[in-house]
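Report on one structure; see the data block that follows.
The values are calculated or read from the model by the stated rules, or taken from the named source; none is laboratory data. No experiment lies behind these values; they were computed from the predicted model shown. All Cβ positions, glycine included, derive from the backbone under ideal geometry; neighbour counts span all protein chains shown. The area values use the complete protein model at the heavy-atom level, side chains included, leaving out ligands, DNA and RNA. Shrake-Rupley method; radii C 1.70, N 1.55, O 1.52, S 1.80 Å.
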Amino acid sequence: MKTVLITGGAGFIGSNYVRYALQTHDDWRVVVYDKLTYAGNLDNLRDVAEAYKDRYIFVRGDIADREAVVGAVRAHDVGTIINFAADTHVDRSLMEPGSFIMTDVYGTYVLLEVARELKLERYHQVSTDEVYGQVLTGRSTEEDKLHTRSPYSASKAGGDLMCMAYYTSFGVPVTITRGSNNIGPYQYPEKAVPLFVTNAIDDIPLPLYGDGRQQRDYQFVLDHCEGIDVVVEKGQLGEVYNVGSGTETANIDMTHAILDLLGKPYSLIQPVTDRPGHDRRYALDTSKVRQLGWSNRHSFEQAIEQTVRWYVDNAWWWRKLKTGEYLAYYKRQYAGREVKE
Ligand code: NAD
Ligand code: TYD
């Protein structure tokens with residue numbers, strides 16, 4: 001048996017990866033290590049805790065707390081860390097950048113220190129295409145310079161650079177994946193797709209930033225999980241791998257697709273003032289990870305269809321999240337931002 005510590009495993013992508021890893025690797029024991037911030041949610045792992053009682057353990061903790069990380073690694077004889085833990089929402093990073101730096105930069109440093117001190121077999125960092133900054137034309141390759149523009153992407157880039165420093169200076173066996181925007185089950189409804197789907201179900205306006213012509217590579221979360229897994233299994237140490245579908249969609253087209261699937265009118269779209277420093281387009285060159293044998297299984301149309309269906313079928317999961325702290329955030333983020341056409 002091999003024991004893998006999955007930090008941030010109670011979040012959106014982490015929980016999808018935990019489920020995928022336990023299904024795929026019979027010889028893995030998974031320890032989820034998660035602080036359970038507003039974005040962490042044990043409901044995301046409810047079925048996993050039930051189905052894998054013998055191979056799944058949950059530990060609540062902060063990745064920036066070195067003693068607690070060492071304690072979890074020692075107690076469970078962990079050999080590999082896969083780090084999903086991060087503060088992840090760009091709009092929140094514009095309001096309060098401090099926690100992004102604490103988790104995404106300092107927390108990554110703490111995990112790397114533990115990997116070094118306890119001589120772990122492997123450390124994998126889950127990163128983002130946002131570290132390349134906006135690319136108006138062409139596609140970002142792994143060799144491209146990092147041109148971050150938001151506190152979120154700057155913090156993620158800091159984490160990536162620290163990983164490379166620990167590989168180069170101390171020989172920590174590191175790999176990094178840089179994924180494009182994920183969509184699918186269990187995404188906290190502050191991100192554009194689950195926000196728009198759940199608002200549309202309830203006939204609440206969809207706040208579309210600026211002209212809606214910004215482009216993202218919206219990939220299905222399971223495709224991303226498979227990409228991460230391929231890199232953990234076959235990636236070369238010290239290397240970065242982009243993971244994305246390779247197809248970009250404008251936000252206005254993503255929004256129309258959601259409304260069409262739900263049979264709701266386009267009049268629900270509410271143009272709002274643009275996000276400051278809004279990156280116009282991300283696009284990845286994914287040939288390197290494809291050489292490891294990975295390819296995405298879902299087109300944008302399939303991904304958005306499965307995503308919308310999941311939120312329609314799982315109101316139990318998201319309805320209770322859209323209360324309390326969420327509503328306070330929503331008001332702070334969107335109140336008075338409407339633009340009259
Ligand atoms: P998420 O916000 O849904 O979940 C983050 C998880 O990390 C939560 O469970 C939270 O409780 C936990 N966490 C936060 N701070 C922590 C800390 N200090 N210690 C321990 N746990 C902590 O995020 P996500 O969308 O699932 O993203 C996961 C990873 O993938 C992140 O590193 C993110 O940068 C990266 N990524 C996300 C996307 C995307 O589209 N969502 C795309 C590419 C890369
Ligand atoms: P988001 O899901 O926040 O991901 P990211 O900014 O990390 O790519 O946003 C996806 C796109 O949708 C992005 O171009 C910003 C836009 N957007 C809106 O138009 N309205 C919204 O309310 C949100 C949250 C995002």
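Residues that are more than 21 Å from Gly79 (Cα to Cα) and touching a strand residue (DSSP E or B) at 6+ places or on another chain (Cβ under 8 Å) within the range 17-47 comprise Leu36, Gly40, Leu42, Leu45, listed in sequence order. The sole residue among Val70, Val4 that is modelled with pLDDT of 95 or more, more than 27 Å from Pro194 (Cα to Cα) and in contact with a strand residue (DSSP E or B) (Cβ under 7 Å, 6 or more places away or on another chain) is Val4.
Between Arg275, Arg309, the distinction of being among the basic types (Lys, Arg), part of a helix (DSSP H, G or I) and farther than 23 Å from Glu142 by Cα belongs to Arg309 only.
Kindly provide the set of residues from the range 121-168 that are among the aliphatic types (A, V, I, L, M) and open to solvent by 30 Å² or more (accessible area, probe 1.4 Å), ordered by number.
The answer is Leu136, Leu146, Ala154, Leu161, Met162, Met164, Ala165.
Among the residues of the range 69-117, those that are in a loop (DSSP other than H, G, I, E, B), more than 9 Å from ligand 1 (Cβ to nearest atom) and surrounded by 16 or more Cβ atoms within 10 Å (Cβ to Cβ) comprise Val78, Gly79, Pro97. Inside the range 207-220, residues that are among the hydrophobic types (A, V, I, L, M, F, W, C) and crowded, with 23+ Cβ neighbours inside 10 Å make up a count of 1. Restricting the range 29-48 to residues that are buried (at least 20 other Cβ atoms within 10 Å of the Cβ) and free of Cβ contacts under 8 Å to residues at least 40 places away in the same chain leaves a set whose member that is nearest to ligand 2 (Cβ to nearest atom) is Gly40. Can you spot a residue in the range 223-233 that is open to solvent by 10 Å² or more (accessible area, probe 1.4 Å) and closer than 23 Å to Glu305 by Cβ? Yes, there is a match, as at least one residue in the range 223-233 is open to solvent by 10 Å² or more (accessible area, probe 1.4 Å) and closer than 23 Å to Glu305 by Cβ.
If only residues of the range 6-21 that are near ligand 1 (Cβ under 6 Å from one of its atoms) and among the aliphatic types (A, V, I, L, M) are counted, the one that is least open to solvent (accessible area, probe 1.4 Å) is Ala10. Restricting the range 241-265 to residues that are in contact (Cβ under 8 Å) with a residue 12 or more places away in the chain and part of a loop (DSSP other than H, G, I, E, B), which is surrounded by the most Cβ atoms within 10 Å (Cβ to Cβ)? Result: Gly244.
Taken over the range 143-190, residues that are of a type in the set (Val, Ile, Thr) and assigned to a strand (DSSP E or B) amount to 5.
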